[in-house]
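Each remark here refers to the structure printed beneath this line.
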Amino acid sequence: MKRLFLMLTAAFTLSGCANQMPSHIALDPQLPLVQPQTLSLQELAIETIDTRAANFIVRFNNEGDAAKLISPSEAPRRQMDEVFRKGFTKAGYQIDPSAVQHIQFQLEQLLTDVNESTFGFEAKSNIIINVIAKNSTQELTKRYTARGTLKGPFNADFATLELEINKLLGQLSSDIVNDPELNQFIQQ
């Protein structure tokens, strides 16, 4: 009898652990491959702001139940600011907050919607960053978007979602830092 009780207790404990979902997801956007853009050390001021309406970055949609919202473990604004500063430094710019040339990165959307069914899951990611570049006389505004869809059997696991989101952030960072139109505007 004691053995049966221990087995039932262990089964309930394990089933409780299996249903626990982490409350945070770790982003780790990497510095993209950067092409040199300028030969002279041109000064550039960089600012990154988060204009998203909500802090969560993954939403597990469940039919009939409330969605489960997963937040980032660290502020995406801070992480992306670091990537952009390192990227533009590697491209040949000198980061200086008092520079005439100024770029503002607005993190408008960073969201992965996950729909799970009995046969698998589908995760759709959408990332939008608005870039506003200003020099002494002009302003350039561009919108950069990265989208991805991930499908798989069973339930979505956090490691797979993290890899997909980080891959999209890397692609988007590369598009921005290596954009010829943006770099030409900065150098005017």
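Under the rule of -39500 (n - 2.57) per DSSP H run of 4 or more residues, summed and divided by the residues of the chain, what mean residue ellipticity at 222 nm is obtained, to the nearest 500 deg cm²/dmol? Could you put the intermediate results ahead of the total?
Details: 4 runs with 60 residues, N = 188.
Helix-only estimate at 222 nm: -10500 deg cm²/dmol.
How would you rank 167-180, 144-157, highest first, on the average number of other Cβ atoms within 10 Å across their residues? Each step should come with its number before you reach the end.
Values: 167-180: 18.6, 144-157: 13.4.
The densest-packed peptide leads the list: 167-180, 144-157.
Suppose all protein chains stay in the model; what accessible area per residue would a 1.4 Å probe give for the chain, in Å²?
Details: 10980 Å² over 188 residues.
Ligands and nucleic acids excluded, the result is 58 Å² per residue.
Kindly express, to the nearest 10 degrees and within the range 0 to 90, the angle between helix 76-90's C-alpha long axis and the longest C-alpha principal axis of the chain.
40 degrees
How high is the relative contact order of the chain, given as a whole-number percent (alpha carbon pairs under 8 Å, six or more residues apart)? Working shown, then result.
Values: 353 pairs, mean separation 44.4, N = 188.
The normalised contact order for the chain reaches 24 percent.
Rank-order 123-131, 46-54 by packing density, defined as the average count of other C-beta atoms within 10 Å over each peptide's residues, highest first.
Working: 123-131: 19.3, 46-54: 14.2.
Packing order, densest peptide first, comes out as 123-131, 46-54.
Kirkwood hydrodynamic radius of the chain from all distinct Cα pairs, in Å? Let's see the in-between values first.
Values: mean 1/r = 0.0535 Å⁻¹.
So the Kirkwood estimate lands at 18.7 Å.
Semi-axes of region 49-153's equivalent ellipsoid from the Cα gyration tensor, sqrt of 5 times each eigenvalue, largest first, rounded to whole Å?
Details: eigenvalues 244, 33, 32 Å².
Each semi-axis is the square root of five times an eigenvalue, giving 35, 13, 13 Å.
Taking the alpha-carbon distance from Lys124 and a cut-off under 12 Å, which aspartates and glutamates remain once sequence neighbours fewer than 8 residues away in the same chain are dropped?
Asp113, Glu116, Glu164
Rounded to the nearest 10 degrees, what's the angle between the helix 158-177 long axis and the longest principal axis of the chain, both from Cα atoms, 0 to 90?
Around 10 degrees separate the two axes.
The values are calculated or read from the model by the stated rules, or taken from the named source; none is laboratory data. Fair warning: this is a prediction, and the values are worked out from it, not measured in the lab. FYI the Cβ positions are ideal-geometry reconstructions off the backbone, even for glycines, and counts take in every protein chain you see. Surface accessibility is based on the protein's heavy atoms, side chains included, excluding ligands, DNA and RNA. Shrake-Rupley method; radii C 1.70, N 1.55, O 1.52, S 1.80 Å.
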